[in-house]
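Working notes for the structure below.
Taken together, the values in this text are just the output of simple stated rules run on the coordinates, not laboratory data. Since this is a predicted model, take the numbers as computed values, not measurements. Please note: Cβ atoms are built from the backbone with ideal geometry, for glycine as well, and neighbour counts cover all protein chains shown.
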Amino acid sequence: MSQRDLTLELDFAVPPQRLWDALTEHASMSKWTGARVRLIQRGDETGVGAVRRVRLGPTSVDEEVVYADAPRRLVYRVVRGAGLSHHRGEVLIEPRGAGSHLTWHIRMVSPIPGVTRVLSRAIRLGVGRGLNELRGLIGG
């Protein structure tokens, strides 16, 4: 059993609501994530229960939104794919001056030795690159 935690932090020059809207708009996530993202199940009015399929190359995972408190906190979990027994992501957005500070924390567990080490490196690079792309797209 292997477990990894990783945290990415980045400042944006846009208010929290603008950042929240960009992060939670499933239809436009493909523009900044580097992956093909498709909503496969709608959630309630807050977004809870939404399931999105994230495809990167030949692999894909399904992520379910389990908690949403706009524009502050979003929690999701992987419900299918990637050889993981547990994957939980938490996105926190805090006001910082006229802009926002984003903290993205991910915890993953796999019964397969070494999987979380490899995935955490790939996620850190991919999500980091994606967040920088998002910052450019929203003027942040």
Quiz prompt | Flag for L56 being surrounded by fewer than 18 Cβ atoms within 10 Å (Cβ to Cβ) and under 12 Å from the mean Cα position of the chain (by Cα) | solution = no
Quiz item: out of contact with any Pro (no Cβ under 6 Å at 6 or more places or on another chain), more than 15 Å from L19 (Cβ to Cβ) and in a strand (DSSP E or B) - does that describe any residue in region 94-106?
Solution: yes
Practice problem: Give the residues of region 1-53 that are at positive phi and without any contact (Cβ under 8 Å) to a residue 24 or more places away in the chain, sorted by residue number. | Solution: G49
Quiz prompt | Failed criterion for G47 (all others in (1) more than 21 Å from G128 (Cα to Cα); (2) over 15 Å from the mean Cα position of the chain (by Cα) hold) | solution = (2)
Quiz item: Can we say G130 is at positive phi and not aromatic (F, W, Y)?
Solution: no
Quiz item: Considering S110, S120, S85, S60, which residue is small (G, A, S) and touching a helix residue (DSSP H, G or I) at 6+ places or on another chain (Cβ under 6 Å)?
Solution: S110
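Okay, residues lined up against (1) surrounded by 17 or more Cβ atoms within 10 Å (Cβ to Cβ); (2) not hydrophobic (A, V, I, L, M, F, W, C):
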residue: V61; (1), (2): yes, no
residue: D69; (1), (2): no, yes
residue: R73; (1), (2): no, yes
residue: Y76; (1), (2): yes, yes
residue: H101; (1), (2): no, yes
Self-check item: The listed residue being touching a Lys or Arg at 6+ places or on another chain (Cβ under 7 Å), of a type outside the set (D, E) and more than 21 Å from I138 (Cβ to Cβ), out of I40, I93
Solution: I40
Quiz item: Residues of region 7-23 being crowded, with 18+ Cβ neighbours inside 10 Å and within 12 Å of the chain's Cα centre (by Cα), which ones?
Solution: W20, A22, L23
Quiz item: Which ones in region 15-53 are of a type in the set (A, V, I, L, M) and touching a Ser or Thr at 6+ places or on another chain (Cβ under 6 Å)?
Solution: L19, V37
Quiz item: What are the residue pairs meeting all of these: first residue in region 77-94, first residue farther than 19 Å from G47 by Cα, second residue buried (at least 20 other Cβ atoms within 10 Å of the Cβ) and not β-branched (V, I, T), Cβ atoms under 7 Å, and 6 or more apart or on different chains?
Solution: A82/L119; G83/S110; L84/M108; L84/S110; S85/S110; H86/M108; E94/S100
Quiz item: Does V78 satisfy being over 16 Å from I106 (Cα atoms) and in contact with an Asp or Glu (Cβ under 6 Å, 6 or more places away or on another chain)?
Solution: no
